[in-house]
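What follows draws every value from the coordinates through simple rules; no lab data is involved. The structure presented is a predicted model; accordingly, all values stated were derived computationally and were not measured. Backbone-built Cβ (ideal geometry, glycine too); neighbour counts: all protein chains shown.
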Amino acid sequence: MKPDVIVLRLGELTLKGKNRHRFEKAVYEQIRRAMRPYEKLTFVRDFGRVYVELNGESYADIEQRLRNILGLASFSPVYSAPLELEAIEAAALAAMGSLDEAPATFKVTVRRVNKRFPYDSQEMNKRIGGAVLRAMPELKVDVNAPAAELKIELREQRALIYSRVIQGVGGFPLGTNGKAMLMLSGGIDSPVAGYLALRQGLKLEAVHFHSYPFTSEKSQQKVKELVSKLAEYAGDIKLHLVPFTNLQTRVHQAYKQNLLITILRRAMFRITEKLAEEQKASAIVTGESLGQVASQTLGSMNVIGRAVGLPVLQPLICMEKQEIIRVAEMIDTFTISIQPHEDCCTLFLPPSPSTNPNLRVVESIEGHMDWLQEEIDKAVAETQTVWIGAGKQAAFSDYF
Ligand code: ATP
Ligand code: MG
């Protein structure tokens, strides 16, 4: 027996009133878009849930797409049956058999919407529970903390039976909280920051600074692969490739001491802010984590952040490296990130970068670089923008 319905739970149940309505509408639209290749599907919305009728489409193909939909809390493959005891029993066994691992304990939960059905909930509970126990004798009933829950909904026309629950990405539907520019290096952290920002409902455009030919073509390729991973959740993403070589070389010629990184990073933020203005984004997202390196102390971040007026969001700020790595592995960016690459920021490193720069001193050094603004404008003007889609496995980017 194969599942013929999928029940989707939309998520963020803590949201209230208008916000909740907006949220559900947005996630529903995304589900419809991601499911567009499956023409035979039909959808019924029902109080924070969506019932998808498969009408012959294959469940397995659809499952992978559903796993990547932002705002979708969880979903279950459902076995439907006519309102007859034997058919419901058979579907219950199929649902229990669909679990990834055989559970040690279970319970049956019956919801009887159809009051004309001859057996009441308790009776159904006993009968179906008994049938499952006969078929799976090693299983035990635990009504308080069961490893699996077999749900039976007795509706007007038929019964819906399911037990497998697949966790979705959760969070907010794509773009429902606005748009931000993600400063994306080839490292481990910034793709994770990007994923967390997407999950929180931010639409993203990625900005990458390269110092070609000091940094190779290959490190740009790597960044494109990382964006492609994020596109599995977001659909096509714009990637802005900023040529940073000239500005960087010029700054380095003029100043080689311990505030060099601070000055270069302030320039990167200013460029990103200009791109944000052009693209109508209202925040900058970075992968900083407090204390990780010299430029990620509070003192440094304060002076760097003051170069721009837009809010700088740092989703990883209080995460430990191991936690960040766990997310990177989950979203499959880790193996890409650890490929060797040159980063523009590691060129021309001063011997001991300042961990506590003084804003007035930094501004005074920048004040002597009367060409700095011009170099910033040039870098913005020469930025190349490309669209990056998802990889082949989850190529639903065409539908966004
Ligand atoms: P990551 O792993 O994301 O590279 P990191 O721990 O190496 O982070 P830094 O190199 O100090 O930290 O960079 C801090 C943040 O600045 C990055 O997370 C990223 O958001 C941004 N950043 C650094 N280098 C670049 C770059 N070449 N292009 C765009 N953004 C960058
Ligand atoms: Mg880095």
About its Cα centre, what dipole magnitude does the chain give when the only charges are +1 on Lys and Arg Cβ and -1 on Asp and Glu Cβ, stated in debye to the nearest 20? 1040
For region 95-238, share of DSSP beta bridges that run antiparallel, in % to the nearest 5: 20
Expressed as a whole-number percentage, the relative contact order of the chain with C-alpha contacts under 8 angstrom and at least six residues apart is 18
Between residue 149 and residue 290, the FRET efficiency computed from the C-beta separation at R0 = 45 Å comes out, to the nearest 0.05, as 0.65
Can you tell me the orientation of helix 17-34 relative to the chain, as the angle in degrees between its alpha-carbon axis and the longest Cα principal axis, to the nearest 10? 90
Residue-averaged 222 nm ellipticity for the chain, from DSSP H runs of 4+ at -39500 (n - 2.57), nearest 500: -12000 deg cm²/dmol
Please give the helix 321-330 orientation as an angle from the longest Cα principal axis of the chain, in degrees from 0 to 90, rounded to the nearest 10. 50
Any number yet on Rg/Rh for the chain, C-alpha, Kirkwood? 1.11
Helix 189-199 versus the longest principal axis of the chain: what angle, 0 to 90°, nearest 10, using Cα atoms? 50
